[in-house]
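**Student:** Quick one: structure below, then a few questions.
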Protein chains: 6
Amino acid sequence: MRFDTGIFAALLLCAMPLAAAADTTEERLIRGDAVVRSLNNGVPQQTLERMREEFPFLAEATEAYALGDVWSRPGLDNRTRQLAAVAAFAALGERVFMKVHAGYALNIGVSEEELKEVVYMVTVPAGFPKAIAASQTLSELFSQRREAQQ
Amino acid sequence: MRFDTGIFAALLLCAMPLAAAADTTEERLIRGDAVVRSLNNGVPQQTLERMREEFPFLAEATEAYALGDVWSRPGLDNRTRQLAAVAAFAALGERVFMKVHAGYALNIGVSEEELKEVVYMVTVPAGFPKAIAASQTLSELFSQRREAQQ
Amino acid sequence: MRFDTGIFAALLLCAMPLAAAADTTEERLIRGDAVVRSLNNGVPQQTLERMREEFPFLAEATEAYALGDVWSRPGLDNRTRQLAAVAAFAALGERVFMKVHAGYALNIGVSEEELKEVVYMVTVPAGFPKAIAASQTLSELFSQRREAQQ
Amino acid sequence: MRFDTGIFAALLLCAMPLAAAADTTEERLIRGDAVVRSLNNGVPQQTLERMREEFPFLAEATEAYALGDVWSRPGLDNRTRQLAAVAAFAALGERVFMKVHAGYALNIGVSEEELKEVVYMVTVPAGFPKAIAASQTLSELFSQRREAQQ
Amino acid sequence: MRFDTGIFAALLLCAMPLAAAADTTEERLIRGDAVVRSLNNGVPQQTLERMREEFPFLAEATEAYALGDVWSRPGLDNRTRQLAAVAAFAALGERVFMKVHAGYALNIGVSEEELKEVVYMVTVPAGFPKAIAASQTLSELFSQRREAQQ
Amino acid sequence: MRFDTGIFAALLLCAMPLAAAADTTEERLIRGDAVVRSLNNGVPQQTLERMREEFPFLAEATEAYALGDVWSRPGLDNRTRQLAAVAAFAALGERVFMKVHAGYALNIGVSEEELKEVVYMVTVPAGFPKAIAASQTLSELFSQRREAQQ
């Protein structure tokens, strides 16, 4: 069951030593994959998978650097990291990526209300259009997840 | 002592009822002022004060809306709110405002390491220039605060 | 008839005293609603209404702050305010919101030619892609309004 | 006297036929120069002049296209054009250029209050940091002009 | 045949003297049209053509300034100019325009691999979302061109 | 002599095998350092060095990912890569980083005129303020390099 794979990946991450200079790219890719699975209920992430065939370097950079190096760092708990990421993507108007990370946040137990609070807050640094667009994307996400559960 | 005023303001905030439709702008301004003092060790915030004489509406909008309405909302704990704000300001390249909110974060107990983690994360949504600029601003902030303590 | 509601709302706005510190949020919301109706031929605005159920704070912030506090200010005549807003939204690439405010502008008597002039001007601060995208959105708006009149 | 040169340039602009396909670049440069002088109290504009020696194409493009082609278009009155430009530059965070065009606005009779209103409005499309930065730049401009008059 | 028209336009461009102060707008428009045809396999460009009827000034500014003045300049070879443009559009998130210029690049002999390299590079100045979006747009472009050849 | 170290680093880069999955982070850091030295006349890069003590992860990410993984890729010749990077940084308004990469471009034989051409081109995707700011930064760079040679 998906949930089991998610838990397994989370355990794998805990068991993995911190990134170090002797890390190979292979290990960083594995760590990045474990990050995705622990955030994405055990399944691969669609935007990342799409890139593998035609843009292999970008898929690897996303998996090894963004996920394997950055996202696996222990100095920020997952919940805070996801909410800070949602704030950044929303402020930048990067709706697709905000949606992905908001989904990860919900998967790890962040509430819909907390995500809305971040979007409300985004009116201040980024203005109303970015926040309103983010709210529409969150609305879509919540709705899709409710349907998927039926 | 400053710290006492900060605690007093935090208590005042707790005692204040949530924002409601019967709220007057006067009450929203008071709440916004309490938010600043609880985040800023009890003292007014310089960027806000500068605006009062020549741009009164903007000072009021910042105090009543941004601080009084948004920042006082209870649905997100202060630590997460400040870190999400730092992420948004950093991603947007708004260094001055990132510095203000990073200072607030430190005032309420967030560590320098957690702030660095947010800046590291910003390389992903916003690229390396924004993250590097943010790191220089954080470095400045940490340094100024160390000097101020001497 | 719609036009009558628009005129009524405009008269209501004139009759309302300026925003003041004793204003309640309730009054600011009413003023915001009057602003929308006076700009939008008497009918509610779709993007705003969509948010009411799931993102009530954002709907209120838009109505009370953006519309009730900012947009009702008398220091700038409606025509200039709308054209300046169109310029800002266009420069930022916020096409949806530019379209809304360009529609308001047309409703209050600004000509299609004046809107085109603003879009031409946007090439200078924001470059050709933003201006060209804005021209495509204006084209859509003009076309939809012509159809609606048939 | 400067004012006389400004009036002369404005008259020259009125006397010049609209841009047409037979226009030479030479004529567009002359028109652009007349636009600057009519907006800038008869004197050349510093940012433009700085570019002439080392970046001649950019100086020409600014003078012939931005000023000669766009800024001289009659379809938008000067006051509205300047205020829309101020809104766009402020929303984009382009403080230097906002300052130049706000100065032009004041030169042609726009009031300080109207410029402040545009900056207040910018909180909505672009957020508070952009508007607050714009207010600080306007404050600088107003202050420098007051000193210059003494 | 298209290819012949593209070659003819390229020859025409070579035969045309450099832009000069005596250039008429008419000549700049002709040069801009020659630039498009030499980059676009001899056929007009769709985004530009769409604007001619309703936004004639913007169509002319694009053709005379962007294409006729800037894009025809000899100081940068076509390949480098197109790749630099792709980098700029991709970094800005201007996917539609990036696609147009990536198409031009392919038309003049730039390889798919070189375009991918530019997109990989964009992760550094602009972050992963912009680069990933650009990769999706390039993927679309490559795919459409393969289909068109069948 | 600096030049010798630059040549040595370039030779080292040629001798190094392409990035591969078995690469350790250590090797990627070495490659990144070689990239900097080959572009920067053999000396370390100041912005990168500043980060090492207080933001070690960011310094490593810049050196290993941005420089070691991306910048060392062979699919784009150095000259094109640098000019595309200058275009991207300039379009984004990232003047400090544009200056660094423009410096690298000059170090590897790109001419001042070619850099100016890229800046002229940036008016189209990003507007005149970004291009004018970039021209001022290039002017500073050219001037500082001339002084350094005396």
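**Student:** Within the range E:66-82, identify whether any single residue is touching a helix residue (DSSP H, G or I) at 6+ places or on another chain (Cβ under 9 Å), of a type in the set (Val, Ile, Thr), in contact (Cβ under 8 Å) with a residue 12 or more places away in the chain and at negative phi, and answer yes or no.
**Tutor:** Looking through the range E:66-82, none of the residues is touching a helix residue (DSSP H, G or I) at 6+ places or on another chain (Cβ under 9 Å), of a type in the set (Val, Ile, Thr), in contact (Cβ under 8 Å) with a residue 12 or more places away in the chain and at negative phi.
**Student:** Next question. Please list, ordered by first then second residue, the pairs with beta carbon atoms under 9 Å, 6 or more apart or interchain, first in the range C:38-54 and not assigned by TED's automatic domain parsing to the domain that holds C:Asn107, second at pLDDT below 95 and aromatic (Phe, Trp, Tyr).
**Tutor:** That search, which allows pairs on different chains as well, returns C:Ser38/C:Phe8; C:Asn41/C:Phe3; C:Gly42/C:Phe3; C:Gly42/C:Phe8.
**Student:** Another one. Check whether at least one residue in the range A:72-81 is modelled with pLDDT of 95 or more and away from chain B (no Cβ under 11 Å), and report yes or no.
**Tutor:** yes
**Student:** Let me ask something additional. Do we find that B:Gly32 is on the phi > 0 side of the Ramachandran plot and not assigned by TED's automatic domain parsing to the domain that holds B:Lys99 in this structure?
**Tutor:** no
**Student:** A further question follows. Please go through the range D:119-150 and give me each residue that is over 25 Å from B:Gln46 (Cβ atoms) and within 14 Å of chain A (Cβ to nearest Cβ), ordered by number.
**Tutor:** D:Pro125, the sole residue that qualifies.
**Student:** Kindly evaluate D:Ala66 against the criterion of being within 13 Å of chain C (Cβ to nearest Cβ), part of a helix (DSSP H, G or I) and under 30 Å from A:Ala133 (Cβ atoms).
**Tutor:** So D:Ala66 fails the test.
**Student:** Specify the residue that is surrounded by the fewest Cβ atoms within 10 Å (Cβ to Cβ); the eligible residues are those in the range B:84-118 that are among the β-branched types (Val, Ile, Thr), part of a helix (DSSP H, G or I) and more than 7 Å from every other protein chain (Cβ to nearest Cβ).
**Tutor:** Ranking the qualifying residues of the range B:84-118, first place goes to B:Val96.
**Student:** Can you pull out the residues in the range C:122-150 that are of a type in the set (Ser, Thr, Tyr) and within 18 Å of the chain's Cα centre (by Cα)?
**Tutor:** Selection gives C:Ser135, C:Thr137, C:Ser139.
**Student:** Could you check how many residues of the range B:16-40 are modelled with pLDDT under 95 and either more than 24 Å from A:Phe128 (Cβ to Cβ) or of a type in the set (A, V, I, L, M, F, W, C) (or both)?
**Tutor:** 7
**Student:** Can you name the residue in the range D:72-83 that is over 8 Å from the mean Cα position of the chain (by Cα) and assigned to a helix (DSSP H, G or I) and, of all such residues, is farthest from D:Ala22 (Cα to Cα)?
**Tutor:** The qualifying residue farthest from D:Ala22 (Cα to Cα) is D:Leu83.
**Student:** Looking at this structure, is C:Ala66 over 21 Å from C:Val118 (Cβ atoms), not charged (D, E, K, R) and not assigned by TED's automatic domain parsing to the domain that holds C:Lys116?
**Tutor:** No, not satisfied.
**Student:** Any residue at all in the range C:45-62 that's surrounded by 22 or more Cβ atoms within 10 Å (Cβ to Cβ), among the aliphatic types (A, V, I, L, M) and either more than 7 Å from every other protein chain (Cβ to nearest Cβ) or not in a helix (DSSP H, G or I) (or both)?
**Tutor:** No: zero hits.
**Student:** Confirm whether F:Leu141 is within 30 Å of D:Ala85 (Cβ to Cβ) and either surrounded by fewer than 23 Cβ atoms within 10 Å (Cβ to Cβ) or in the same structural domain as F:Glu27 (by TED's automatic domain parsing) (or both).
**Tutor:** yes
**Student:** Against the condition buried (at least 21 other Cβ atoms within 10 Å of the Cβ), out of contact with any strand residue (DSSP E or B) (no Cβ under 9 Å at 6 or more places or on another chain) and basic (Lys, Arg), how does D:Arg73 come out, does it pass?
**Tutor:** Answer is no for this residue.
The values are calculated or read from the model by the stated rules, or taken from the named source; none is laboratory data. Because the structure is predicted, anything quoted here is derived from the model rather than measured. Heads up, the Cβs are rebuilt from the backbone with ideal geometry, glycines too, and the neighbour counts pull from every protein chain shown.
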